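All remarks here apply to the structure that follows.
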Amino acid sequence: MSYPDLPAKGPSGDIVGKPRRNTAATRFYLTNEFGLIALIVLFALAFQFATDGFFSPFNLFSLGRIAAVNIMIGLAMMVVVITGGLNLAVGAIGVCAAMTCGYLIEVVGLPWPIAILSAVALGAMLGFINGWTSVRTGLHSFIITLATMSIFFGVMIFLTRAESYRALPPVFAAFGRMKLLGIFSPLLLVSLMAALFLGYLYNLTAVGREMLAAGAKPEAAEMSGINVGRIFIYCHMLSGALAACAALMLVARNGAAIPSMAGQLGQDWLLIAFLGPVLGGTLLTGGKASVLGTCLGAFLVTMLTSGLLLLQLGDFWIQSFLGLLLLAAVLMDKTRRTFLARRNMA
Amino acid sequence: MSNYLRRVLAIGLLSAVGVGSASAAGDSKIALVPGGPHPYFAAWEQAGKDAAKDFGLAAADYKVPQKWELSQQNQLLESLLTQGYNGFLIFPGDPVGSVSTVDELVSNGAPVVGGAGCFKDPSSASFCLGTDTGNSAYIGTKELLKTLTGTKKRIAHFTGFLVDPNTQLRIDAVKKAAEEEGATVVQVIADIDAPEPAEEKINAYLAAHANDVDGIITSAWVPAVVASNAVRKIGDKRIKMVAIDHDEVVLKAIKDGFVNGTMLQNPYGQGYIGTFVLDKLRSGCTVKTDAPFKKNALTDKFIDSGTAYVAADKVDTYVDAMRDTTKKLFETFQATYLTCK
Amino acid sequence: MASEIAFQATGIEKSFPGVKALKGVSLTLKTHSIHALLGENGAGKSTLIKIITGVHHPDAGRLILEGQEVHFASPREAIAHRVGVVHQERNLIPRFSVAENIHLEQLGASLLKPVDYANLNKQAARWLEALGLDIDPRTPVSRLSVAKMQLVEIAKALSLRSRVLLLDEPTASLTPSETDLLFSFLRKLRDSGASLLFVSHKLEEAQELCDSVTVLRDGSNACESRPMEGLGRQDIVRLMIGRAEGDGGWRKRDTPPGVPPAIELKNVETSLGHANVNLHVRKGEIVGLYGLVGAGRTELAKCILGQFPLTAGTVEIDGKPAKIRSVGEALHIHRVGYVSEDRKGEGLVLMHSVLGNAGITVWRPLSALLGFLTDRLVRHKVTPYIEKLEVKTPSLAQTVANLSGGNQQKISVAKWLAAGVKILLVDEPSVGIDIKTKAYLHDLLRELADNGTAILLITSDMPEMILLADRILVMNDYRLQGQLINDGSYAGMSEGIMNLIHRSEAA
Amino acid sequence: MNGSLANAMRSDWFGPLLVTIIAVVIVGSFNPSFLSPLNIQVLLLAIAVNGLIAFSQMLIIAIGQMNLSVGAIGGLCAIVFAGMMDVWHVPAPLAALSALSIGVICGIINGVLIARTGISAFVITLATLSVYKGINLGITHAQPFYNIAESVKSVGQGAIFGVVPWLMLPTMAVGLVLWFMLNRQPIGRFILAVGGNQHAAELSGISIENTVVTAHALSGFLAALAGLLLVARLQMGQPTIGDDWLILSFAAPVIGGAILAGGHVSVPATLLGVVIVAIITQALVLFDIDPFLVQVVLGAMILAAVGANRFRESRLSRKLKRL
């Protein structure tokens, strides 16, 4: 017996349930990723016609810079969501890491590359605390990270007394302001690298596959020889590290490590952290991740906000319009898929 | 009430200034951007409109970030720059964190003035026109301590989000003032900028410790409002209190004698003068290097937009007092702080 | 006993994206009758049942209930027409009581009128009694064993006093005595005039119970509503698979006495309550572990795999004591594999692809530096086994949930073959899979053993046990009761086994 | 151990009750003023509002979904209530009725969008959160409404026997009704059935759509009611009402043993969850914890409360065999 359509394919990534272009084209049209690309193009054109300067270099630059951070935050949440858990402490971990980086440079006087590495390591360590506690107690990560969000943030605020660290080497701020080809922020490259790394992880490594299997059905994964507890802890550590990266990107963007960068308890990050993965087709019940989808989802939300601001629709109402656009976007995507699925059947 | 306040201030200024200053740049589009939606800044909207009319600007619009988030404010500012706004009066979402955005705005040719709160030096902001948060809390505490007659002077301090560096300045200032007068700060309750936790914590505190405290100082809007209601509910007027800002609840509590006074700020003046200066800066004026700036914890280029302690005797006339302050400041502003060609 | 037509389906067609599941199927149910619906997995039985009960809507064809054409827009409408069903999947609300689950349908009359639990319990008790079930109707369903849950589902369907009652594999998880009880009840129901449709993989049961039969093959009628009388087992099998059943009978296998045990349990006690368990499986041997549901066999397998701690005794692999703390250690260090009885819960990651499931055990050994691993590598390793087991799937990328039960089971076996285990614990390998696959799996297990794998076979299916095992160990109440050397005679062996079980119960 | 005690220990409210009692004893013995009538009144006031917020989310957890828009609905209804009295001088009962209807409508919109489209509740309520909050800001421009009816103010301040605030009454009533509904009425059982096993519920002839919409409508109603109570308690209509309900709304039911996957919630345990959070919050104020450390202690206390409950559960489940 043979599988005629298979051998010619490259790494299919099908383990993620995410068909690529080289499988049947119709299946690609059915994916979330295609839907998001279509929506992004659609809204970009609409904004271009309706506003001045949507495609101006400065707007593209600032849009890209915000999107880069939002994508990174979305990825930090995604890697935990695939386990069927959550990490409400992304923001708190991020701020802790950023402040650590600032402290190490300004007070301890370490060279900045070491400080950055230490900050990311701290993020991973805080993630480890989340994961370990959650696995050991068997409590849902929702409640664990709800508590650790308070604890991490509280310790940070207690130690820093809400003081900022701004005596950072100029490379930080320069990196945040740098423009590639006049329109791209190098921060986008950082997010791109993180996305590529995750794509590699989930498609081309044993650990990544084990993460997905453990997330989809922990019992089955455990009975197939996967150490589910350890894998879940890895996921939380990865989430912490990515949250730290997002925070460091914000440090570059703001030119300083500030305690308020993610708001009270780091809550400001939560909505965008969930929006990206969920719009991108990551299941909250775990087991399915879409790195590309998360990036596109986060980008779409950032773009909608940016476009709405340019449209200058009644200042205070803007949040309503954003909500309506989001609803419209998900409904359009839903209709498209229903339509395609029907046509496929005929 | 706040509408009324706006109008009174506007009329006052119009009569004081007349239609002067002919050298306005007609293409000035000024944006007045607070840190987020907050009643304090409501006067900026009218102030911007008035200034735009008085000085013949293309626009001076009040633009509010959807949420009280630094990133939202940054995104709004970048968008406004794209939309062609070329002068910004900003309440910094974070005194340090907003600096890089300011630098960017200025490097794109749009002058920036800090309004109500200051950017931390060094920054590209031309100067800061606002309230010295620490000083205001200091004066308020001093006023509160004046009203305390007993030998024991125990005060409680209710304030806002700890992530805001201004909160630490306020906590320090209250402590300093208390120490100078031989009083003790028995408790600081912070992180109560939302009404629900403020209600819960302040009432819980007063329920248990009403007898252990003689005075209350508040240094943020919501705690001031909630604490005013709380002391009204207790009703015996033994506990003295000094509030902040001009919320209707606070003013009424002052009139009724439950609250001794409030530290008023001058948002209208900030908006009006700020807009005026931004236009001037666009039409070739520069800030004098030797101008008589004050210093505060954040910046060396601070201009006090007026802060005043208002007690029951002045609560009906404080609008006039503020108008006078604004008028005085405005009349001499150009000569004192700017060099114009 | 006048028999009239109760329900008719004619020319039913149904398509799903990419598949035509039913191509003009017909079926006639009469009153006072139990009708068998047979066919291999994927033949369309479940789809037909879902259409009759309003879960799916037919693309073409008619449903006629007592002479009148009906269209069920939802399961609720089917219920309103007194068409009841016991589905294959667990369809109970875990935290609700037995009584409430039984009567869930009837609650909907008024949304606000308080539920009369006393009355509910009383009514439920009647149905439980009728089924010979000794359960307090107030017990939450989640505290019941799988078999009892199944019976509660049957009680639930019965409580609707359905004119037409469909039973989709109702005996899959029942013990023989429970099955007998159920059958006698179904016969009573038949005699009172009901029309029953019985779906099962166990031909013996269908032949024993039913008086007429419809067989589906590849979404079409292989035969339509003909009397069961005169049909032999071989005739039915021919109808189902289109050819005669292959020769899969018992074969005497000899393991030379000198071969050392691959795995040996010495005086094992576990935290779950096993005591004094001594057993060994030699290389190339198939040892059966028989027992009724709840005897502690699956639990023993899980203790061997380190899921629950041993409190005394040792497990030796290849003569050396082994401390196994997780399935991972069992697999990667000791080369022990476990085919789970709970395919959907523990055996497979249903939402992932064939490749993702079959390769799950080889990711770690295959991965290179930094865990680098390509699909090509996994496919290379796994494909021979998928092909060998003749897994029917459009591609390796197919989601496992979309495959039939038999193919799913093949994959859950294939992954252990791909891992190259030396010791394989096989737990209920043929639950819910069709005849052809079952025979195929039996051949495969024998072949594995012939090639040197030690196999511990756990099954409640006595014919299967007697077909496969070299030795049969009998477990009851977490203790081994004795051992029988299999001689392949069904009558003798089954009597021996039951004797061992009952001796222990009498004691 | 006798049977009824064993049964009590197995129930969801036992753990939280134990934690509550221990907390009261500890806090009360260190600080006797904690048990003063005035302090109890303050505690009950907090519980009254937070209880409704938690119930509002609890219903949605029961059907296995999430409602991120509880705060937005509550805030919108609060400012509608206050705004109608302030701007249009609508009598308080009428204003309350309109505000509650708006809450129900918001809930129905959530429910219908979720049930009809099949898009996850998380995404839908995230979007409607934005919509409702935006309408709130659009109406108020972030300015509070001050001129609310005196009757409302006095209800907000008043207390029965000087201890039990009037505002506690609606919450208690809601608690009883919800308990009765979820345990005795078919609609409540359907909500739990849909959360427990949606597929099975559907096959048992329960209309998923109607059940989901009903749950969301009720959730909207409760969020609106919480908003109204807050207006009475704060003596004004603050646009920021509801901004930070979300975490509490999840924390209380989860402390009370609710399962986020759905199908299992407990009214008394959820209420006790609210009580625990309120006591912790108060204790932090009473003991004059360094404000910079408050968050740390709060997080640790929540973890301890949940952990204690979890420990008890695992002890019990070790006796029962795994299912």
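The values are calculated or read from the model by the stated rules, or taken from the named source; none is laboratory data. Not measured: the values here are computed from a predicted model. Because the Cβ atoms are built from the backbone with ideal geometry, glycine has one as well, and the counts that use them run over all protein chains shown.
Take segment B:303-329 and flag every residue that is over 28 Å from B:VAL249 (Cβ atoms), assigned to a helix (DSSP H, G or I) and under 17 Å from the mean Cα position of the chain (by Cα).
Taking segment B:303-329 and keeping what is over 28 Å from B:VAL249 (Cβ atoms), we get B:303, B:327-329.
In the following step, the residues that additionally are assigned to a helix (DSSP H, G or I) were identified as B:327-329.
Matches in segment B:303-329: B:LEU329 only.
Out of segment D:213-249, which residues are facing another protein chain (nearest Cβ under 7 Å) and farther than 22 Å from B:SER228 by Cβ?
Selection gives D:ILE247 alone.
Give me a count of the residues in segment C:382-433 that are closer than 16 Å to C:MET351 by Cα and outside the structural domain of C:PRO365 (by TED's automatic domain parsing).
Number of matching residues: 0.
Could you tell me whether any residue of segment D:254-264 is in a helix (DSSP H, G or I) and either within 14 Å of chain A (Cβ to nearest Cβ) or at pLDDT below 90 (or both)? Break it down into steps so the answer makes sense when it comes.
In the first step, residues of segment D:254-264 are kept if they are in a helix (DSSP H, G or I); the result is D:254-255.
Restricting the remaining residues to those that are either within 14 Å of chain A (Cβ to nearest Cβ) or at pLDDT below 90 (or both) gives D:254-255.
Checking segment D:254-264: at least one residue is in a helix (DSSP H, G or I) and either within 14 Å of chain A (Cβ to nearest Cβ) or at pLDDT below 90 (or both).
Here are some conditions: (1) surrounded by fewer than 21 Cβ atoms within 10 Å (Cβ to Cβ); (2) under 18 Å from A:GLY286 (Cα atoms); (3) more than 14 Å from chain D (Cβ to nearest Cβ). A:ALA216 meets all but one. Which one does it not meet?
(1)
Could you say whether any residue in segment C:3-12 is buried (at least 16 other Cβ atoms within 10 Å of the Cβ), modelled with pLDDT under 85 and assigned by TED's automatic domain parsing to the domain that holds C:ASP168?
There is no residue in segment C:3-12 that is buried (at least 16 other Cβ atoms within 10 Å of the Cβ), modelled with pLDDT under 85 and assigned by TED's automatic domain parsing to the domain that holds C:ASP168.
Which members of segment A:56-84 meet the condition of being farther than 23 Å from B:LEU70 by Cβ and either buried (at least 24 other Cβ atoms within 10 Å of the Cβ) or within 10 Å of chain B (Cβ to nearest Cβ) (or both)? Step through it out loud before you land on a result.
Quick first cut of segment A:56-84, residues farther than 23 Å from B:LEU70 by Cβ only: A:56-57, A:78-84.
Residues satisfying the conditions are A:SER56, A:PRO57, A:MET78, A:VAL79, A:VAL80, A:VAL81, A:ILE82, A:THR83.
C:ALA295 - would you say it is more than 8 Å from chain A (Cβ to nearest Cβ), surrounded by fewer than 18 Cβ atoms within 10 Å (Cβ to Cβ) and of a type in the set (A, V, I, L, M)?
Working: more than 8 Å from chain A (Cβ to nearest Cβ): yes; surrounded by fewer than 18 Cβ atoms within 10 Å (Cβ to Cβ): no; of a type in the set (A, V, I, L, M): yes.
In short, no.
So which residues in segment D:102-123 are small (Gly, Ala, Ser) and over 23 Å from D:HIS141 (Cα atoms), if there are any at all? Before the answer, list the steps.
Pass one, segment D:102-123, residues small (Gly, Ala, Ser): D:103, D:107, D:111, D:115, D:118, D:120-121.
If the condition is that a residue be small (Gly, Ala, Ser) and over 23 Å from D:HIS141 (Cα atoms), then D:GLY107, D:GLY111, D:ALA115, D:GLY118, D:SER120, D:ALA121 are the ones that fit.
Being modelled with pLDDT of 90 or more and β-branched (Val, Ile, Thr) is the filter here; which residues of segment D:197-227 pass it?
D:ILE208, D:THR211, D:VAL212, D:VAL213, D:THR214
Pairs only if they're at least six apart or on different chains, beta carbon under 6 angstrom, first in segment B:75-95 and within 7 Å of another protein chain (Cβ to nearest Cβ) and assigned to a helix (DSSP H, G or I), second crowded, with 23+ Cβ neighbours inside 10 Å and of a type in the set (Val, Ile, Thr); list them, first residue then second.
Within 6 Å, the pairs are B:GLN75/A:ILE66.
Which of the helices (runs of 4 or more DSSP H) contained wholly in segment A:90-183 include at least 1 residues that are small (Gly, Ala, Ser) and closer than 22 Å to A:ALA252 by Cα? Lay out the reasoning, then the answer.
Values: elements: A:90-103, A:112-137, A:141-160, A:170-177.
Qualifying helices (runs of 4 or more DSSP H): A:90-103, A:112-137, A:170-177.
For the list (1) in contact with a His (Cβ under 9 Å, 6 or more places away or on another chain); (2) in contact (Cβ under 8 Å) with a residue 40 or more places away in the chain, I need the number of the one condition that C:SER192 fails.
In the conditions (1) in contact with a His (Cβ under 9 Å, 6 or more places away or on another chain); (2) in contact (Cβ under 8 Å) with a residue 40 or more places away in the chain, C:SER192 misses (2) alone.
Please list, ordered by residue number, the helices (runs of 4 or more DSSP H) wholly in segment D:41-145 having 1 or more residues that are more than 11 Å from every other protein chain (Cβ to nearest Cβ) and either without any contact (Cβ under 8 Å) to a residue 12 or more places away in the chain or in contact with an Asp or Glu (Cβ under 8 Å, 6 or more places away or on another chain) (or both).
By residue number, D:92-117.
Does A:GLY276 count as part of a helix (DSSP H, G or I), more than 19 Å from A:PHE152 (Cα to Cα) and within 12 Å of another protein chain (Cβ to nearest Cβ)?
Taking the combined requirement at face value, the residue satisfies it.
Among the candidates D:VAL104, D:VAL194, which residue alone is under 23 Å from the mean Cα position of the chain (by Cα) and modelled with pLDDT of 95 or more?
Details: D:VAL194 fails: modelled with pLDDT of 95 or more.
Just one listed residue meets the conditions, D:VAL104.
Within segment A:233-252, track down each residue that is within 14 Å of chain C (Cβ to nearest Cβ) and crowded, with 24+ Cβ neighbours inside 10 Å.
First pass over segment A:233-252, keeping only residues within 14 Å of chain C (Cβ to nearest Cβ): A:234, A:238.
Matches in segment A:233-252: A:LEU238 only.
Restricted to segment C:88-128, and to residues that are among the basic types (Lys, Arg) and closer than 21 Å to D:TRP179 by Cα, which residue is nearest to the other protein chains (Cβ to nearest Cβ)? If you could, list the steps in order and put the result at the bottom.
Taking segment C:88-128 first, the residues among the basic types (Lys, Arg) are C:90, C:95, C:113, C:122, C:126.
Those left that are additionally closer than 21 Å to D:TRP179 by Cα: C:95, C:113.
Details: C:ARG95: 5, C:LYS113: 7 Å.
Per the stated criteria, the residue is C:ARG95.
Return the residue satisfying two criteria in turn: it lies in segment C:386-429 and is closer than 29 Å to C:ILE324 by Cα and surrounded by fewer than 21 Cβ atoms within 10 Å (Cβ to Cβ), and of such residues it is modelled with the lowest pLDDT.
C:GLY420
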